[in-house]
Each structure stands twice: as structure tokens, then as C-alpha cells.
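Chemist: This is the structure, below, for whatever I ask next.
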Amino acid sequence: MRQDELLLALSAVDLALEACPGWGEIKQIAGAYPIDLDGYQLSPGQQAVMVMWRIFSVDSEGQRTAPDVEEEPADVIVASLEAFRASLDEHVLVDGELDLDSIRSLFEMAQAAGED
């Protein structure tokens, strides 16, 4: 998948999540921990989608299930992003409330990993 296609796909998921309770707060957290993607600064929404998609695309044995964006075709990436978007509510809500402290920790770890 080309970088411009990936960025468009991330933006599309971000737009679809605008109606999700707390998505704006998640984007604010993402914006506080900027990540550079091969020389391109992601928007807070793109970054929120990318980080959370990667984190939540792990199976019960801890193996990554998200497809490799550099090796897989665009339709596979888009399908994986859509599956992530559809399941987001069950991953970020605790008793109907956002667990913002945990989400903030995820972005701190993602930013630190990107600096290595």
C-alpha cells in the first residue's frame, strides 16, 4: 500500500469514528504525542487510528494480526482498518466510560517506540 493510500484510509476511519463517544478526547491525547511516519507528520486523528489499530490488532497469544502496510494490498489494509473501527467501542470503554489514562499510556509507549 502506498503511503498516500494509507493516509487516506486512516483519515476515512477517523472520520467514521467522529460519532464514537470520546473519539475527540482520544484524538487530543494522540495530538500530545506526535508520531512521524517516514517524514510525514500524522494528524491527531490519523495517529489515533494508526496506534490503536496496531495495538488492538493482536490475537490472544499476543501475535500481531494487522497486515503489514508495506507488503499487503490496499484492500486488505482497508478491511483490517474497518474491522478495527467496528470493534473500537468494546476496547476503549470501561463500564461505559473512556479509560483515558490507559489510552494516554498507549500513546506514550507508541511515541517512545517511534523514537528508537
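Computed from the coordinates by the stated procedures, all read-outs in this text should not be read as laboratory data. Everything numeric here is computed off the predicted structure, so don't read it as measured data. We place every Cβ from the backbone using ideal geometry, glycine too, and count neighbours over all the protein chains shown.
Chemist: Between exposed GluC sites (Glu not before Pro) in the chain, where DSSP calls loop and at most 12 other Cβ atoms lie within 10 Å, what's the longest gap?
Modeler: The longest such stretch corresponds to 1-60.
Chemist: Which option, (i) 1.42; (ii) 0.96; (iii) 0.93, is the value of Rg/Rh (Cα atoms, Kirkwood Rh) that was calculated from these coordinates?
Modeler: (iii)
Chemist: Continuing with the same structure: Just grab the label-to-label distance for S87 and S11, each label 7 Å out from Cα along the Cβ direction, in nm (one decimal).
Modeler: So the label points at S87 and S11 sit 2.7 nm apart.
Chemist: Measuring from label point to label point, each 7 Å out along Cα→Cβ, what is the L37 to D4 span in nm?
Modeler: That separation, rounded to one decimal, is 1.5 nm.
Chemist: Evaluate the relative contact order of the chain (contact order divided by residue number), counting alpha-carbon pairs under 8 angstrom at least 6 apart; express in whole percent.
Modeler: For the chain, the relative contact order is 33 percent.
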